[in-house]
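Note sheet for the following structure.
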Amino acid sequence: MAQSRDPVIDKELESVDAVMRTEVRSAYPELNAMCEATLSTHHHELRPALCILTYYANGGKDADVAVRMSSCYESVFDGLHLHDHIGRNGKVVGERKKLFSKTPSTTKVIVAGDFMYMMGFRLAYGSVPKIVPYLMRATSVISDTIFKIDNHTCDPDVSEEDCLDILVRKGAIEFQIIMESASKLAGADEEAVTRMSECGKFLGMAIQLSFDVLDLIGFPDEKKADMLTLLTGFPTLPLYYAMNDPGIGEQVRGVFSKDGPSPKEMSGAVSRIKETDIIPRCRAMIAQYTSKAREMMAFLPDSEYKSALIKFSERISV
């Protein structure tokens with residue numbers, strides 16, 4: 001998976017954490033703890049890093065704009081992703097102790113997600129109002145796609161086209177909007193903004209696909225995989241390929257379509273997936289997406305920020 005830390009923006013990333021912990025606050029300690037817990041998730045530094053690097057690589061000079069823009073996006077998107085922990089039956093799913101000290105109620109997860117979402121918008125209106133239309137565009141696309149996801153939850157006959165559309169509109173859209181708006185606020189011309197938007201889409205597709213794979217096989221720093229996509233019946237490209245594999249398709253389809261499969265059933269399906277060419281196929285797709293992203297950023301003038309963007313893309317893997 002991509003590592004977001006680069007010495008060239010260490011100071012700014014530390015400032016993003018400080019801004020979020022200052023701005024996203026309430027009078028309730030438990031709500032604050034739930035919000036702060038999201039800062040330890042795998043996505044947390046990826047979006048701010050990409051936002052800051054894009055802004056500087058396109059000629060942006062104001063560090064405060066870069067930090068506050070990144071903080072707004074992170075708060076809004078973190079809030080939306082908190083809702084991902086609620087399954088189709090309305091209950092909090094997965095091993096939430098990895099994120100919270102104890103499994104919270106569904107109501108508290110909804111409130112915490114909505115709180116972070118609204119605090120992000122409030123910060124945007126107060127400090128970088130020019131990104132508000134971008135935030136609205138991204139969140140409307142994501143919200144619309146959630147209903148498509150629900151239509152295909154636990155659906156073993158979901159198509160490859162549907163899975164790819166979900167990959168773009170639920171995951172990649174965040175990175176696409178971030179790179180588009182960051183270049184725009186940096187003063188880039190329309191052609192450059194369009195290129196950055198496409199670059200963000202390809203990077204977002206690579207990042208989301210890598211997360212979909214790692215959800216099944218496990219992140220390097222964790223003892224076991226979450227397998228939330230199997231548990232919740234969330235349609236992804238790796239699972240589509242697995243369900244249509246002539247050797248293991250029937251087994252994976254049975255687990256995917258089941259309401260609340262057991263850990264043993266999920267582990268058995270993932271073990272079979274690892275025996276196929278599905279993971280290597282996804283790795284090849286990730287490499288293809290990151291290569292296209294680098295093509296889109298080739299026009300940028302040479303700088304330490306462009307170099308860091310290239311390194312960012314090269315570290316996206318599974």
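Would a scan of segment 70-83 turn up a residue that is assigned to a loop (DSSP other than H, G, I, E, B) and at pLDDT below 95?
Checked against the condition, which is being assigned to a loop (DSSP other than H, G, I, E, B) and at pLDDT below 95, segment 70-83 yields no hits at all.
Give me the residue from segment 13-64 that is hydroxyl-bearing (Ser, Thr, Tyr) and touching a residue at least 12 places away in the same chain (Cβ under 8 Å) and, out of that set, surrounded by the fewest Cβ atoms within 10 Å (Cβ to Cβ). Walk me through it before giving the result.
First pass over segment 13-64, keeping only residues hydroxyl-bearing (Ser, Thr, Tyr): 15, 22, 26, 28, 38, 40-41, 54-56.
After this cut, where a residue has to be touching a residue at least 12 places away in the same chain (Cβ under 8 Å) as well, the list is 15, 26, 38, 40-41, 54-56.
Numbers: SER15: 20, SER26: 14, THR38: 23, SER40: 9, THR41: 14, THR54: 33, TYR55: 31, TYR56: 24.
Among those that are hydroxyl-bearing (Ser, Thr, Tyr) and touching a residue at least 12 places away in the same chain (Cβ under 8 Å), it is SER40.
Return the residue satisfying two criteria in turn: it lies in segment 298-318 and is surrounded by 18 or more Cβ atoms within 10 Å (Cβ to Cβ) and part of a loop (DSSP other than H, G, I, E, B), and of such residues it is modelled with the highest pLDDT.
LEU300
Scan SER271, SER291 and give me the residue that is within 24 Å of the chain's Cα centre (by Cα), of a type in the set (Gly, Ala, Ser), surrounded by fewer than 18 Cβ atoms within 10 Å (Cβ to Cβ) and in a helix (DSSP H, G or I).
SER291
Residues in segment 28-44: is at least one at pLDDT 85 or above, of a type in the set (A, V, I, L, M) and closer than 24 Å to MET179 by Cβ?
No: segment 28-44 contains no residue that is at pLDDT 85 or above, of a type in the set (A, V, I, L, M) and closer than 24 Å to MET179 by Cβ.
Can you spot a residue in segment 194-203 that is buried (at least 22 other Cβ atoms within 10 Å of the Cβ), small (Gly, Ala, Ser) and either free of Cβ contacts under 8 Å to residues at least 60 places away in the same chain or under 25 Å from PHE256 (Cα atoms) (or both)?
No, segment 194-203 contains no residue that is buried (at least 22 other Cβ atoms within 10 Å of the Cβ), small (Gly, Ala, Ser) and either free of Cβ contacts under 8 Å to residues at least 60 places away in the same chain or under 25 Å from PHE256 (Cα atoms) (or both).
Between ILE286, ILE217, ILE279, which is under 22 Å from the mean Cα position of the chain (by Cα), within 18 Å of ALA172 (Cβ to Cβ) and touching a residue at least 60 places away in the same chain (Cβ under 8 Å)?
ILE286
Kindly indicate whether LYS91 is surrounded by fewer than 17 Cβ atoms within 10 Å (Cβ to Cβ), under 18 Å from the mean Cα position of the chain (by Cα) and modelled with pLDDT under 90.
Spelling it out, it is not the case that LYS91 is surrounded by fewer than 17 Cβ atoms within 10 Å (Cβ to Cβ), under 18 Å from the mean Cα position of the chain (by Cα) and modelled with pLDDT under 90.
Looking at segment 166-183, can you tell me whether even one residue there is touching a Gly at 6+ places or on another chain (Cβ under 7 Å), of a type in the set (Phe, Trp, Tyr) and either at pLDDT 95 or above or part of a helix (DSSP H, G or I) (or both)?
Scanning segment 166-183 turns up at least one residue that is touching a Gly at 6+ places or on another chain (Cβ under 7 Å), of a type in the set (Phe, Trp, Tyr) and either at pLDDT 95 or above or part of a helix (DSSP H, G or I) (or both).
Somewhere in segment 157-166, is a residue closer than 23 Å to LYS258 by Cβ, within 20 Å of the chain's Cα centre (by Cα), aliphatic (A, V, I, L, M) and crowded, with 20+ Cβ neighbours inside 10 Å?
Yes, because at least one residue in segment 157-166 is closer than 23 Å to LYS258 by Cβ, within 20 Å of the chain's Cα centre (by Cα), aliphatic (A, V, I, L, M) and crowded, with 20+ Cβ neighbours inside 10 Å.
Could you give every pair whose Cβ atoms fall below 7 Å, whose first residue belongs to segment 102-125 and is within 16 Å of ALA138 (Cβ to Cβ), and whose second residue is crowded, with 21+ Cβ neighbours inside 10 Å and acidic (Asp, Glu), counting only separations of at least 6 or pairs across chains?
Taking only residues 6 or more apart or on different chains, the pairs are MET116/ASP78.
Among the residues of segment 278-318, which ones are farther than 20 Å from PHE219 by Cβ and aliphatic (A, V, I, L, M)?
ALA284, ALA293, MET296, MET297, ALA298, LEU300, ALA308, LEU309, ILE310
Run down VAL141, VAL132 and say which single residue is part of a helix (DSSP H, G or I) and either buried (at least 17 other Cβ atoms within 10 Å of the Cβ) or in contact (Cβ under 8 Å) with a residue 12 or more places away in the chain (or both).
VAL141 is the lone residue from the list that is part of a helix (DSSP H, G or I) and either buried (at least 17 other Cβ atoms within 10 Å of the Cβ) or in contact (Cβ under 8 Å) with a residue 12 or more places away in the chain (or both).
The values are calculated or read from the model by the stated rules, or taken from the named source; none is laboratory data. Note that the coordinates shown come from a computational prediction; the quantities given were computed from them, not determined experimentally. Positions of Cβ are backbone-derived with ideal geometry, glycine not excepted, and every protein chain shown enters the neighbour counts.
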